[in-house]
Ligand code: GDG
């Protein structure tokens, strides 16, 4: 329990720090607590979803506000005159502001526009999408209600975090009233390509609404890219794909991917509990599972989850492999969802009829092939299903992420289950250790199921171990921290960047204020002019000279930080006394303590071994190339025949599989697979590590810092020193920068370094 508490506390602390005293307001359609009239009088219900589980403790710590539709039938019996109630009921610590909606509004905004226009269109179920003017009007009205409710709760400086496709217009309405608010929005479903999106008659209005945000998050980079495309084509907005930035009417929106996750720790503990074991025994007995292999599917009953397609594949399995009959039971856990919409009612009857048909046709006296559980199960019951499963089958036809896949991984404490995962679900991008399928191809899904059922225990365990390692590092708290860090970075860009030369006196005071001085500079574009080819880049003699003088001064730490490899960097600068930070901070060597970070050395060795083995394994695959860059290795398959790509993928998985879990990650590109260290590390973190390593934990008290850089990767360092460093952006910025000062070019930076030298050089002592 200790570990769990500390994970939550850690996240709470990080969030509080990143908010920097600002008020946090979360806005979502669903509320974290609903009041209902039950048998025992008023009852409070909390939805089981991951978002509430993650954000509730944060709001409890920061004491913010949650704005949501008051959907419980007794919700407005318990609120105050402002429609607010303090929650959680047992220890009130933040305000829940409930939005009142009439039944017509719910019909038009929620059931109508959100769930019968946007949801189907964005999940490529174009034939199910209906666009009714009345629903659109209702959507606008309700988005205004949400904006008004939010505005009524703002006090001072606030960070507003809006959720999902129900509230696309809310940011615009907020912005119109309060241009100064920091608005962030997370979109939980996919964003389709422009050709699909433009089917929506209100496409321009939706984009305009979302471009009022400062930060817009999607699960995946490709969803973010689709949005950027739409913003460019639909609105003629200025888009930088590389930076993930849109400029529209003089405002910037950063568009970024943040793959959502689950409270891994909570699921794991539930799965390990005795209550879960009791549930496993109960389910085994109740459904006569005996020692049969078990398959599990868990979904809201939604057409995007591919449940009929899944049942079809199971039937094909029984036909393809008659030996499986009697020995395999598939459990489908699905609570009906959105039942007031016809498409959902039709789906429900269809799924029920299919299950009945399969059971009648294939079942025997003693064996029911498919078990359907529509009634609610408590968390321990859900964890029991996941834990006892030999296979979890996720067949989404389109899915933003899919949390079920992650819940299964977290609950697999015995490591015996196999995840069979649709490549059309966002989760597939993060789970190279699953068996991926195309849910539209029932034959091959059935074959994959067979493969999963036959998979040797050692391979199952190994695959599961890798997936669990990844999930441990990428849980819901990691997701939130990433989000808040991005927000903090953007908030820092709001302070206007000033030219160095108008503020020389202020800078002088800052760099001379402490005993020690750290001069940290990026290489390409900062110390050395950008050159093409990059191989020609070298610092001009004057820049080298001033850096050398600074490096010789006592109590002055001079470091050059770059994405170049350490040796390359050292060679180009070639000055003694300078610390070199290469590969974005993975490798660091300083005078007198010249050693790279242990982690980097270890990873480098692992990657080198992987590359070597891959080279020899892929020797006969025509067109495959392995490019070893030291800390990353890329296997290119652009020139490889299609039927050979799977061989390459398998080889990469196996080779990375030899490495202890949690050390290396695989990134899948369109025509390549990249193997890289599974660690979050950037120039900011590297610089902080360096200062602490050289000067000790209390370095902030003892050392003034100047950090200069010219590109996006330097923004992390600008943020790291936002409060008390002199941060200098070199060159014009195509995006808002977190640096406090700017110089126009490399030469101006050198002039600044000369000025600093003049301020800090030891006075000449007369003889
Ligand atoms: C949207 C996006 C994205 C399902 N059936 C039952 C049940 N569940 C729980 C699961 C899981 C949750 O519902 C479903 O989460 P998903 O992520 O799979 O799907 P959506 O509801 O469509 O969520 C999705 C997500 O937002 C987060 O951003 O991943 O892509 O579509 O937690 O356990 N829970 C219980 N009984 C059920 O029958 N108790």
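Is it the case, given these coordinates, that residue 278 is surrounded by 21 or more Cβ atoms within 10 Å (Cβ to Cβ), modelled with pLDDT of 95 or more and assigned to a helix (DSSP H, G or I)?
no
Name the residues in the stretch 488-506 that are in contact with a helix residue (DSSP H, G or I) (Cβ under 7 Å, 6 or more places away or on another chain) and within 18 Å of residue 720 (Cα to Cα), would you?
The answer is 488, 489, 492.
Let me confirm something: among 325, 416, which residue is under 22 Å from residue 288 (Cα atoms), away from the ligand (no atom under 16 Å from the Cβ) and over 34 Å from the mean Cα position of the chain (by Cα)?
325
Return a yes/no flag: does the stretch 226-245 have any residue that is closer than 30 Å to residue 449 by Cα, within 26 Å of the chain's Cα centre (by Cα) and within 16 Å of the ligand (Cβ to nearest atom).
Looking for residues that are closer than 30 Å to residue 449 by Cα, within 26 Å of the chain's Cα centre (by Cα) and within 16 Å of the ligand (Cβ to nearest atom), one finds none in the stretch 226-245, hence no.
Do any residues in the stretch 368-380 that are within 17 Å of residue 339 (Cα to Cα) have Cβ atoms under 6 Å from those of residues that are part of a strand (DSSP E or B), where the two are at least six apart or on different chains, and which pairs are they?
Pairs that qualify, where the first residue is within 17 Å of residue 339 (Cα to Cα) and the partner is part of a strand (DSSP E or B), are 373/333.
Go through (1) surrounded by fewer than 17 Cβ atoms within 10 Å (Cβ to Cβ); (2) under 26 Å from the mean Cα position of the chain (by Cα); (3) modelled with pLDDT of 85 or more and name the single condition residue 650 misses.
Checking residue 650 against (1) surrounded by fewer than 17 Cβ atoms within 10 Å (Cβ to Cβ); (2) under 26 Å from the mean Cα position of the chain (by Cα); (3) modelled with pLDDT of 85 or more, the one that fails is (3).
Which of the residues spanning the stretch 281-300 are within 12 Å of the ligand (Cβ to nearest atom), surrounded by fewer than 21 Cβ atoms within 10 Å (Cβ to Cβ) and over 25 Å from the mean Cα position of the chain (by Cα)?
Taking the stretch 281-300 first, the residues within 12 Å of the ligand (Cβ to nearest atom) are 296-300.
The next check asks that each one be surrounded by fewer than 21 Cβ atoms within 10 Å (Cβ to Cβ); those that pass are 300.
Within the stretch 281-300, none qualify.
Any residue in the stretch 202-213 that is surrounded by 19 or more Cβ atoms within 10 Å (Cβ to Cβ), touching a residue at least 40 places away in the same chain (Cβ under 8 Å) and under 15 Å from residue 487 (Cα atoms)?
Yes - at least one qualifying residue is present in the stretch 202-213.
Taking the stretch 697-713 only, how many residues are crowded, with 23+ Cβ neighbours inside 10 Å and more than 14 Å from residue 519 (Cα to Cα)?
Adding up the residues that qualify gives 1.
Which one of these is under 23 Å from residue 287 (Cα atoms), away from the ligand (no atom under 13 Å from the Cβ) and either assigned by TED's automatic domain parsing to the domain that holds residue 190 or in contact (Cβ under 8 Å) with a residue 12 or more places away in the chain (or both): 335, 423, 354, 407?
Residue meeting the stated conditions: 354.
Taking the stated definitions as given, is residue 472 within 25 Å of the chain's Cα centre (by Cα) and away from the ligand (no atom under 13 Å from the Cβ)?
Taking the combined requirement at face value, the residue satisfies it.
Does the stretch 188-209 include one or more residues that are in contact with a helix residue (DSSP H, G or I) (Cβ under 7 Å, 6 or more places away or on another chain) and under 21 Å from residue 23 (Cβ atoms)?
No, because not a single residue in the stretch 188-209 is in contact with a helix residue (DSSP H, G or I) (Cβ under 7 Å, 6 or more places away or on another chain) and under 21 Å from residue 23 (Cβ atoms).
In the set 209, 217, which member is within 14 Å of the ligand (Cβ to nearest atom), in the same structural domain as residue 175 (by TED's automatic domain parsing) and modelled with pLDDT of 95 or more?
Going through 209, 217 in turn, just one is within 14 Å of the ligand (Cβ to nearest atom), in the same structural domain as residue 175 (by TED's automatic domain parsing) and modelled with pLDDT of 95 or more: 217.
Has the stretch 183-200 got any residue that is buried (at least 21 other Cβ atoms within 10 Å of the Cβ), assigned to a helix (DSSP H, G or I) and under 20 Å from the mean Cα position of the chain (by Cα)?
No; the residues of the stretch 183-200 include none that is buried (at least 21 other Cβ atoms within 10 Å of the Cβ), assigned to a helix (DSSP H, G or I) and under 20 Å from the mean Cα position of the chain (by Cα).
What is the residue count in the stretch 389-404 for residues that are in contact (Cβ under 8 Å) with a residue 60 or more places away in the chain, near the ligand (Cβ under 8 Å from one of its atoms), closer than 14 Å to residue 307 by Cβ and part of a loop (DSSP other than H, G, I, E, B)?
Residues meeting the conditions: 1.
Only residues in the stretch 485-496 that are farther than 11 Å from residue 184 by Cα count as the first member; pair them with residues that are assigned to a loop (DSSP other than H, G, I, E, B), Cβ under 6 angstrom, at least 6 apart or cross-chain, and list the lot.
489/738; 492/722; 492/738; 493/736; 493/737; 493/738
Considering only the stretch 32-70, how many residues are away from the ligand (no atom under 16 Å from the Cβ), out of contact with any helix residue (DSSP H, G or I) (no Cβ under 7 Å at 6 or more places or on another chain) and assigned to a loop (DSSP other than H, G, I, E, B)?
5
Looking at the stretch 301-322 only, could you name the residues that are closer than 15 Å to residue 445 by Cβ and within 9 Å of the ligand (Cβ to nearest atom)?
305
Considering only residues that are in contact with a helix residue (DSSP H, G or I) (Cβ under 6 Å, 6 or more places away or on another chain) and assigned to a helix (DSSP H, G or I), look in the stretch 225-241 and name the one that is nearest to residue 215 (Cα to Cα).
Checking each candidate, the answer is 231.
Could you list all residues from the stretch 680-724 that are within 29 Å of residue 501 (Cβ to Cβ) and without any contact (Cβ under 8 Å) to a residue 24 or more places away in the chain?
723
The values are calculated or read from the model by the stated rules, or taken from the named source; none is laboratory data. Worth saying up front: this structure is predicted, and the values here are computed from it rather than measured. FYI the Cβ positions are ideal-geometry reconstructions off the backbone, even for glycines, and counts take in every protein chain you see.
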